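Only one structure is covered here, and it is reproduced in the block below.
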Amino acid sequence: MVSCRGLTKSYTGRPVLDGLDMDILPGRVHGFLGRNGAGKSTTIRMVLGLEQPDAGHISLFGRPWERGALDRIGASVDGPALYGHLSARDNLTVHARLLGCSRSRIDEVLGLVGLEGTGRKRARSFSTGMKMRLTLAVALLGEPEVLILDEPQNGLDPQGIVELRMLLRDHAAAGGTVLVSSHQLGEVSRLVDDITVLAAGRCQWSGPLEDFAPVGMLEERFLELTMTAEASR
Ligand SMILES: Nc1ncnc2c1ncn2[C@@H]1O[C@H](COP(=O)(O)OP(=O)(O)OP(=O)(O)O)[C@@H](O)[C@H]1O
């Protein structure tokens, strides 16, 4: 559903990505792992057309990248981007008009993320977790085939994390695809089918989680692999 080949990106002469290859398969939840500054958000921004790679290619749904394919993707990157002076419902109404979604879809999505009771409260006075829930609601609104979420667990309470896990698992079970970056390896091990580990600008490992680390060993294997990759760079 999303393929990256040889993605390369530098900022002011400092390489961030150095030939990243990655494949996100349909019907799977894919975890995108890497230390702070590894280049996960940069990769996601390039997939979403918010940044241009210096070299390399991205394909979406088996075809070369084109803006029109983004209609089939729901995403959040770089934290919540909300209209602070609007309520949750009004935030969603703005996006629904752009996407051509119905009022009933807004109600449905508010329920899915647990914000149906927030009434006229403005988004700027939401807690961190509520802002994240609303960001997720915006991503879900257009019933996308692919969800791309940059650290969506940030700020969620334990109940919110479990609800998010169920929502993303349900999305994959219904044939959808999820790419989720996260540092919360305990949660990653409960949530994902596949992982990509990014270090030293490259994919150091990509495939089924169970092939990467036995149950309970994800953190240890991740630290081992990323430290070795960085040391050898
Ligand atoms: N617009 C930009 N201008 C200059 N440097 C940037 C820009 N965007 C990202 N970078 C740098 O690129 C590197 C990768 O950043 P990125 O946000 O992609 O990492 P990340 O893996 O998502 O990190 P984190 O886990 O901390 O969110 C960092 O060193 C960052 O400072």
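The values are calculated or read from the model by the stated rules, or taken from the named source; none is laboratory data. In this text the structure is predicted, and so the values were computed from the model without any measurement. Cβ: placed from backbone, ideal geometry, glycine included. Neighbour counts: every protein chain shown.
Some notes on this structure:
- Considering the range 45-72, and only residues there that are within 16 Å of the ligand (Cβ to nearest atom) and either among the β-branched types (Val, Ile, Thr) or in contact (Cβ under 8 Å) with a residue 60 or more places away in the chain (or both), the residue that is farthest from Gly6 (Cα to Cα) turns out to be Leu48.
- Some residue of the range 96-108 being in a loop (DSSP other than H, G, I, E, B), in contact with a helix residue (DSSP H, G or I) (Cβ under 9 Å, 6 or more places away or on another chain) and crowded, with 19+ Cβ neighbours inside 10 Å: no
- Test result for Leu82, part of a helix (DSSP H, G or I), more than 16 Å from the ligand (Cβ to nearest atom) and not basic (Lys, Arg): no
- Residue selected from the range 28-44 under the condition near the ligand (Cβ under 8 Å from one of its atoms) and basic (Lys, Arg), by the criterion surrounded by the fewest Cβ atoms within 10 Å (Cβ to Cβ): Arg35
- Per the listing Leu179, Leu225, the residue uniquely assigned to a helix (DSSP H, G or I), within 16 Å of the ligand (Cβ to nearest atom) and at pLDDT 90 or above is Leu225.
- Among the conditions (1) over 24 Å from Leu115 (Cβ atoms); (2) surrounded by 15 or more Cβ atoms within 10 Å (Cβ to Cβ); (3) touching a Ser or Thr at 6+ places or on another chain (Cβ under 9 Å); (4) at pLDDT 95 or above, Val47 misses just one, which is (3).
- Any hit, the range 190-208, residues being among the acidic types (Asp, Glu) and free of Cβ contacts under 8 Å to residues at least 40 places away in the same chain: no
- Long-range neighbours under 7 Å by Cβ, at least six apart or interchain, first residue closer than 16 Å to Val16 by Cα within the range 215-233, second aliphatic (A, V, I, L, M) and modelled with pLDDT under 95: Thr226/Ala199; Ala229/Ala199; Ala229/Ala200; Glu230/Ala199; Glu230/Ala200; Arg233/Ala200
- Single match in Val16, Val113 (criterion: surrounded by 15 or more Cβ atoms within 10 Å (Cβ to Cβ), among the hydrophobic types (A, V, I, L, M, F, W, C) and away from the ligand (no atom under 16 Å from the Cβ)): Val113
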